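The structure under discussion appears below in the form of structure tokens.
Each value in this text was obtained by applying a stated rule to the coordinates, not by laboratory testing. Keep in mind that this is a model prediction, so the values were computed, not measured. Methodologically, a virtual Cβ is constructed for each residue, glycine included, from the backbone with ideal geometry; neighbour enumeration extends over all protein chains shown.
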Amino acid sequence: MSAAALRTRLVAMVPLGRASFARTGAARRVGGFRFRLYSDEWDELGEFETVVPNWSTGDEFTTGDGRRFRIVGIVGVPDDVGIYNALWKVESVSDIHRLRRTGRD
């Protein structure tokens, strides 16, 4: 998928509920689900793998390297495209807490 096509898909994000996420298909890899992470500025932040299939906007998670994020948008990926179950737009939970402590919320 080209960067422009990906950006178009991410801009058109529609939050999916837990039940809706199941429609994006089965895990693409045996043993779990794989999600690609993007910031609000469209920077790639890596990926997240888990055995938990049900995720919603507002859910928080910690990556293997200890970074903590909150999901702010989910884009399902068709079964025949790529290796990810969905693309997630996320915000750093540690950044949110830091801003609240300094009164910049």
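Going through the stretch 32-62 one residue at a time, which ones are in contact (Cβ under 8 Å) with a residue 24 or more places away in the chain and not in a strand (DSSP E or B)?
39, 40, 42, 53, 54, 55, 56, 57
Looking at the stretch 74-85, which of the residues that are crowded, with 20+ Cβ neighbours inside 10 Å and outside any loop (DSSP other than H, G, I, E, B) is nearest to the chain's Cα centre (by Cα)?
Filtering first and then ranking leaves 74.
Restricting to the stretch 44-82, count the residues that are in contact with a Ser or Thr (Cβ under 8 Å, 6 or more places away or on another chain), among the small types (Gly, Ala, Ser) and more than 15 Å from residue 92 (Cβ to Cβ).
Of the residues in that region, 1 qualify.
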